[in-house]
Amino acid sequence: MSGFDNQLQEQETRHGLCPPSHAIRAVSLLHEFNPLETQHMLLKDNVAIITGGAGVNGLGFATARLMAAQGAKVAILDLERADPAGAAAQLGAGHIGLVADVTDKASCDAAVAAVLKAFGRIDTLVNNAGITQPVKTLEITGSDYDRILDVSLRGTLYMSQAVLPAMQAQQSGSIVCISSVSAQRGGGILGGPHYSAAKAGVLGLARAMAREFGPENIRVNCITPGLIGTDIIKGKLTDEKKAEIAETIPLARLGRADDIAGACVFLASPLSTYCTGITLDVNGGMLIH
Ligand SMILES: NC(=O)c1ccc[n+]([C@@H]2O[C@H](COP(=O)([O-])OP(=O)(O)OC[C@H]3O[C@@H](n4cnc5c(N)ncnc54)[C@H](O)[C@@H]3O)[C@@H](O)[C@H]2O)c1
């Protein structure tokens, strides 16, 4: 039995999940959704994968929590040290957490195979895993460049490649890629130029995939968050600096992880069926263009 099988079996036992043979029936919400039926959960019976979703203060976990509340079965993928199974357990029964490194193609493929085995389909992928580094252009080493680009950009490619065959077979799917305002304004607040480049690369990759897979009813969109109070900025900004930044933002505050979660649910849901290749700014007005 593989490591992934073991991870799944352990979680299935713990949460009383159905065995794979009872995997979720294929349902195309795109055809059944009636936005006027308010009791209808937006992601009922959807299966969503969220990379980098194990940090409970992060954008990914907030997205996992909101997607689960909207009826999705969620698979949280993250590095071992982030404890994705523990994070999934906090969502309640019926969700799974898998150890996966998005920079490693075999790891992405194995995790997606495990999700398909557990749930039988994949409706949404949120490419959320990302790391940053606050350095200036002349300080960026080759290994810094590789590290930062590998997680955001290579990871987005590998994970998208891993889920696309299942989405093609279903003729439906939504891929949401977390870029950054840093890609648009040439630096956010904390990330170095290589981080801006990685996140700008994500925009280009997502738009090209949107064009390629649109005819198969697979939508690919980006979110460009502004400055959001998560662990990625923890200890890097004083309260005074945060207040100073908030004064420059039209909505007069830093973002919250739930602000991004709402945008992810929108892009995963049938509310956005005619959106592909878009960049959804969620920045409180920090960048208006
Ligand atoms: N917080 C912000 O202000 C902000 C702004 C714009 C964009 N973003 C982007 O949002 C995303 C989420 O960031 P966050 O603020 O929640 O930070 P976070 O540090 O809480 O989340 C990042 C997650 O990615 C995981 N991760 C790192 N390397 C990985 C790998 N190789 N494989 C799998 N998972 C890996 C980490 O373990 C962590 O759980 C990132 O892509 C980040 O660049 C954040």
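Treating cross-link reach as a plain straight distance, find the lysines whose alpha-carbon is under 23 Å from the alpha-carbon of residue 136, omitting any fewer than eight places away in the same chain.
Of all the lysines, those that pass the test against residue 136 - Cα under 23 Å, at least 8 places apart if same chain - are 199, 234, 236, 241, 242.
Please work out the FRET efficiency for the pair residue 136 and residue 105, using the Cβ-Cβ distance as r and a Förster radius of 30 Å; give the result to the nearest 0.05.
After rounding, the FRET efficiency stands at 0.45.
Using helices alone, what [θ] at 222 nm do you get for the chain, with -39,500 (n - 2.57) per DSSP H run of 4 or more residues, divided over all residues and rounded to the nearest 500?
-12500 deg cm²/dmol
When Lys and Arg each count +1 and Asp and Glu each count -1, what net charge do the other residues less than 14 Å away from residue 285, Cβ to Cβ, add up to?
-1
Determine by what factor the alpha-carbon radius of gyration of the range 168-289 differs from 2.2 N^0.38 Å, reporting the quotient.
Scaled against compact globular proteins, the figure is 1.13.
Rank by packing, highest mean first: peptides 50-62, 83-95, with packing defined as the count of other Cβ atoms within 10 Å averaged across residues.
Descending mean neighbour count gives 50-62, 83-95.
How much space per residue, in cubic angstrom, does the convex hull of the C-alpha atoms of the range 41-282 take up?
119
Round to the nearest 0.05 the FRET efficiency obtained for residue 243 and residue 288 when R0 = 25 Å and r is the Cβ-Cβ distance.
The formula returns an efficiency of 0.75 here.
To the nearest 20 debye, what is the magnitude of the charge dipole of the range 41-282 about its Cα centre, counting +1 on the Cβ of each Lys and Arg and -1 on the Cβ of each Asp and Glu?
For the range 41-282, the charge dipole is close to 300 debye.
Tally the DSSP beta bridges in the range 41-282 and give the antiparallel ones as a percent, rounded to 5.
0
Name the trypsin sites (Lys or Arg not before Pro) in the range 49-158 that are in a loop by DSSP and that have at most 13 other C-beta atoms within 10 Å, would you?
136
Could you give the dipole magnitude of the range 202-289 about its Cα centre, charging the beta-carbon of Lys and Arg +1 and that of Asp and Glu -1, in debye to the nearest 20?
120
A short reminder: the numbers here are calculations on the coordinates, not readings from a lab. This is a predicted model, so every value here is computed, not measured. No Cβ is skipped: glycine too gets one built from the backbone with ideal geometry, and neighbour counts run over all protein chains shown.
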